[in-house]
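Visitor: Before we start, here is the structure in question, set down as structure tokens.
The values are calculated or read from the model by the stated rules, or taken from the named source; none is laboratory data. If you're wondering where the values come from, they're calculated on a predicted model, not measured in any experiment. So basically every Cβ, Gly included, is an ideal-geometry build from the backbone, and we count neighbours across all protein chains shown.
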Amino acid sequence: MAAAGRTLEGTVALITGASSGIGEATARELAAHGARVALAARRRDRLESLAKEIGGDALVIECDVTDKEQAAAAVGRTVAEFGRLDTLINNAGMMLLGPVVGAPIDEWERMVELNVLGLLYCANAALPHLLHAAEDDPRHVADMVNISSVAGRSARLGNGVYSLTKHGIGAFSEALRQEVTKRYVRISLVEPGATATELASHNRPEIIDNLRSQWGQTMTAADIADSIAYIVTRPRHVTINELLIRPTEQER
Ligand SMILES: NC(=O)c1ccc[n+]([C@@H]2O[C@H](COP(=O)([O-])OP(=O)(O)OC[C@H]3O[C@@H](n4cnc5c(N)ncnc54)[C@H](OP(=O)(O)O)[C@@H]3O)[C@@H](O)[C@H]2O)c1
């Protein structure tokens, strides 16, 4: 973790998918910058140990963001406990790869439900609070960071529907950015390349075998968290709209 100034003191961040990988590392990083953090995901035990490690009043929210009531309740609980919401890290996501021909259609449904609808439900519930925080001390600016992927920039053979979901949130983010930017809610899109997390482990065994043979250099979740912290700690008049970040050796 980078040495952090306390630039997020007095602010509140909700991080979805905080029980592992990029979300977990981002929660640590934003807390180190002084934010109070709400940790949302389905695995309560993982969230509880992270909250304990972070200390202070880190809030555990067990929820499934593909359920719109639970997504709205996660935002509602954050605001009820902490009184505000300055930063939403829309991170929960899943990547199920493989050929389109003969693909199990439930894998497509799960990705669309989580990567697209889950993100939209959280965005919808959070926006009134972000707009409010942007009018208020201490920063007079608020942030929504949507986690896309290199696959949100270019589709590749074998990542058709994952890429569809990430291209979709890129389009949504840009339209939303234009809508709220004059009100000082900054919308940022982060597009990581290969990062060592649990993400690939949810694939079918034959897909995992194939991925292993292609897997090269990876970044750590902390590398991405560092970039996210950079985004949300810029001065009020600066927005990082889009950040594409790859391991140096990754060519595509
Ligand atoms: N790792 C990479 O190479 C890479 C590259 C580009 C983009 N990304 C993106 O980065 C984001 C984070 O992924 P990661 O790599 O950190 O993978 P990860 O370790 O698998 O983390 C995914 C997180 O999403 C949560 N999640 C899954 N389903 C959920 C649901 N229905 N409701 C709430 N939370 C849910 C998981 O927690 P629970 O299971 O406890 O719910 C977990 O905390 C994803 O959007 C992914 O597409 C990753």
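Visitor: Residue check: is Glu29 at pLDDT 95 or above, on the phi < 0 side of the Ramachandran plot, within 16 Å of the ligand (Cβ to nearest atom) and touching a helix residue (DSSP H, G or I) at 6+ places or on another chain (Cβ under 6 Å)?
Guide: Values: at pLDDT 95 or above: yes; on the phi < 0 side of the Ramachandran plot: yes; within 16 Å of the ligand (Cβ to nearest atom): yes; touching a helix residue (DSSP H, G or I) at 6+ places or on another chain (Cβ under 6 Å): yes.
Considered against the rule, which asks whether it is at pLDDT 95 or above, on the phi < 0 side of the Ramachandran plot, within 16 Å of the ligand (Cβ to nearest atom) and touching a helix residue (DSSP H, G or I) at 6+ places or on another chain (Cβ under 6 Å), Glu29 comes out as yes.
Visitor: Test each condition in (1) within 11 Å of the ligand (Cβ to nearest atom); (2) modelled with pLDDT under 95 for Gly152 and report the one that comes out false.
Guide: (2)
Visitor: Sticking with this structure for a sec: Name the residue, out of Val161, Val190, Val150, Val185, that is of a type in the set (Val, Ile, Thr) and surrounded by fewer than 21 Cβ atoms within 10 Å (Cβ to Cβ). Show your work before the answer.
Guide: Values: Val161 fails: surrounded by fewer than 21 Cβ atoms within 10 Å (Cβ to Cβ); Val190 fails: surrounded by fewer than 21 Cβ atoms within 10 Å (Cβ to Cβ); Val185 fails: surrounded by fewer than 21 Cβ atoms within 10 Å (Cβ to Cβ).
Result of the check over Val161, Val190, Val150, Val185: Val150.
Visitor: Among the residues of the range 77-95, write down those that are assigned to a helix (DSSP H, G or I) and surrounded by 15 or more Cβ atoms within 10 Å (Cβ to Cβ). Before you say what the answer is, go through the steps one by one.
Guide: So in the range 77-95, the residues assigned to a helix (DSSP H, G or I) come out as 77-82.
Within the range 77-95, Arg77, Thr78, Val79, Phe82 meet the criteria.
Visitor: Additional query: Among the residues of the range 75-130, which ones are aliphatic (A, V, I, L, M) and in contact with a strand residue (DSSP E or B) (Cβ under 6 Å, 6 or more places away or on another chain)? Working first, answer last.
Guide: To start, the set of residues in the range 75-130 that are aliphatic (A, V, I, L, M) comprises 75, 79-80, 85, 88-89, 92, 94-97, 100-101, 103, 105, 111-112, 114, 116-117, 119-120, 123, 125-127, 130.
Answer for the range 75-130, where residues must be aliphatic (A, V, I, L, M) and in contact with a strand residue (DSSP E or B) (Cβ under 6 Å, 6 or more places away or on another chain): Leu85, Leu88, Ile89, Ala92, Leu119, Ala126, Leu130.
Visitor: Please count how many residues of the range 38-76 are within 11 Å of the ligand (Cβ to nearest atom), assigned to a helix (DSSP H, G or I) and more than 15 Å from the chain's Cα centre (by Cα).
Guide: Count: 6.
Visitor: Being touching a residue at least 60 places away in the same chain (Cβ under 8 Å), part of a loop (DSSP other than H, G, I, E, B) and more than 23 Å from Ser163 (Cα to Cα): is that true of Gly98 here?
Guide: Details: touching a residue at least 60 places away in the same chain (Cβ under 8 Å): yes; part of a loop (DSSP other than H, G, I, E, B): yes; more than 23 Å from Ser163 (Cα to Cα): no.
It is false that Gly98 is touching a residue at least 60 places away in the same chain (Cβ under 8 Å), part of a loop (DSSP other than H, G, I, E, B) and more than 23 Å from Ser163 (Cα to Cα).
Visitor: Name the pairs whose Cβ atoms lie under 7 Å apart, with the first residue in the range 115-142 and surrounded by 19 or more Cβ atoms within 10 Å (Cβ to Cβ) and among the hydroxyl-bearing types (Ser, Thr, Tyr), the second modelled with pLDDT of 95 or more and in a helix (DSSP H, G or I), and 6 or more positions between them or separate chains?
Guide: Tyr121/Lys68; Tyr121/Ala71; Tyr121/Ala72
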